[in-house]
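The values are calculated or read from the model by the stated rules, or taken from the named source; none is laboratory data. Keep in mind the model is a prediction, meaning the values are calculated, not measured. Here the Cβ positions follow ideal geometry from the backbone for every residue, glycine too, while neighbour counts run over all protein chains shown. All accessible areas refer to the heavy atoms of the entire protein, side chains included, with ligands and DNA or RNA removed. Shrake-Rupley method; radii C 1.70, N 1.55, O 1.52, S 1.80 Å.
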Amino acid sequence: MEFITKILIGLMIIIMGIFNTKGNISMLHSYHKKRVKTEDVIPFGKLIGIGTIIIGSTIIIVSVTEFFINKSIIINFILIVGLIVGIIIILYALFKYNKGIF
């Protein structure tokens, strides 16, 4: 049951990322988008969406790996790398288009 829950959470995060990549940033907190210029909404959404999709994909990959190969070192490595890459992309978008995190 835990396997299915992780897969569903990963899919929900990927779907939110897909909405963001299409320029729909309405799901983000207002302070994450308050200084984003109108012409920068699409590139901002794409970067946020890519980071979100990477995080969601990482959750799915980790749960599948955990299901078939119960090696905690591999799972932890995949999880850490995926989350760091996704968060760095999101932070880059926030600093570039929103001029900061808040």
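Some observations on this one:
- Search result, residues across segment 16-57 that are of a type outside the set (Ser, Thr, Tyr) and open to solvent by 90 Å² or more (accessible area, probe 1.4 Å): Phe19, Lys22, Met27, His29, Lys34, Arg35, Lys37, Glu39, Lys46
- Out of Tyr92, Tyr97, one residue alone is touching a Pro at 6+ places or on another chain (Cβ under 8 Å) and either of a type outside the set (Lys, Arg) or modelled with pLDDT under 90 (or both). It is Tyr97.
- Pairing each residue of segment 19-33 that is touching a residue at least 40 places away in the same chain (Cβ under 8 Å) with any residue that is surrounded by fewer than 18 Cβ atoms within 10 Å (Cβ to Cβ) and of a type in the set (Gly, Ala, Ser), provided the two are 6+ apart or on different chains, yields C-beta distances under 9 Å for Lys33/Ser26.
- All conditions but one from (1) part of a helix (DSSP H, G or I); (2) in contact with a Lys or Arg (Cβ under 8 Å, 6 or more places away or on another chain) apply to Ile75; the one that does not is (2).
- Among (1) in a helix (DSSP H, G or I); (2) open to solvent by 40 Å² or more (accessible area, probe 1.4 Å), the one test that Ala93 misses: (2)
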